[in-house]
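Report on the structure given below.
Values in this text are rule-based calculations from the coordinates and carry no lab data. All values derive from a computational prediction rather than experimental measurement. A quick note on method: Cβ atoms are made from the backbone with ideal geometry, for glycine too, and the neighbour counts reach across all protein chains shown.
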Amino acid sequence: MYQFILNMWVFRKVSEQQVTNYGNKGLITPKEAQQILATPQQEAE
């Protein structure tokens, strides 16, 4: 699930709040959520 959410983050398909919620709900760990949020997103076109 981590890799899927990371890809969604990079391509701007999920918001910061959604990633945080995934961590809080147990789909990923809170540490993984922070790692995802620290990853740069693709530039908006």
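Below, the figures for the structure above:
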{"item": "Residues (without any contact (Cβ under 8 Å) to a residue 24 or more places away in the chain and not in a helix (DSSP H, G or I)) located in the range 7-29", "result": "LYS13, VAL14, SER15, GLY26, THR29"}
{"item": "Number of positions in the range 18-31 that are exposed (fewer than 15 other Cβ atoms within 10 Å of the Cβ) and over 9 Å from the mean Cα position of the chain (by Cα)", "result": "7"}
{"item": "Residues satisfying the stated conditions in the range 30-45, i.e. hydrophobic (A, V, I, L, M, F, W, C) and in contact (Cβ under 8 Å) with a residue 12 or more places away in the chain", "result": "ALA33, ILE36, LEU37, ALA44"}
